[in-house]
1. Determine whether residue 31 is modelled with pLDDT of 85 or more, more than 13 Å from the chain's Cα centre (by Cα) and not hydrophobic (A, V, I, L, M, F, W, C).
2. Look at segment 17-59 and say how many of its residues are surrounded by fewer than 10 Cβ atoms within 10 Å (Cβ to Cβ) and of a type in the set (Lys, Arg).
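The values are calculated or read from the model by the stated rules, or taken from the named source; none is laboratory data. Since we're looking at a predicted model, the values are computed, not measured. Using ideal geometry, Cβ is built from the backbone for each residue, glycine included, and neighbour counts are taken over all protein chains shown.
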Amino acid sequence: MSREQKEVYETKELQKLIPVWQEEFGKASIDRKKMLLRLIIDRITVRRYEISIDVKLSINGFMSGLGAGEDDNGEST
């Protein structure tokens, strides 16, 4: 699978998961919320007039954080 195909696949999978993730996050304990945020946030930089959030997100990591996962071929793990 080419890099571009993988990005398109991951984007489509993410669109399916956002409502699930939002519900999961809303019901989660504080510790679980921290763990879920660690899956998607790489770094937060706070400056005097600016806050930057660097996002690290892969579908596999995101899904495994929800208790489900898929490999690069779209098969459940």
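1. Against the criterion (modelled with pLDDT of 85 or more, more than 13 Å from the chain's Cα centre (by Cα) and not hydrophobic (A, V, I, L, M, F, W, C)), residue 31 qualifies.
2. Residues in segment 17-59 being surrounded by fewer than 10 Cβ atoms within 10 Å (Cβ to Cβ) and of a type in the set (Lys, Arg): 4 in total.
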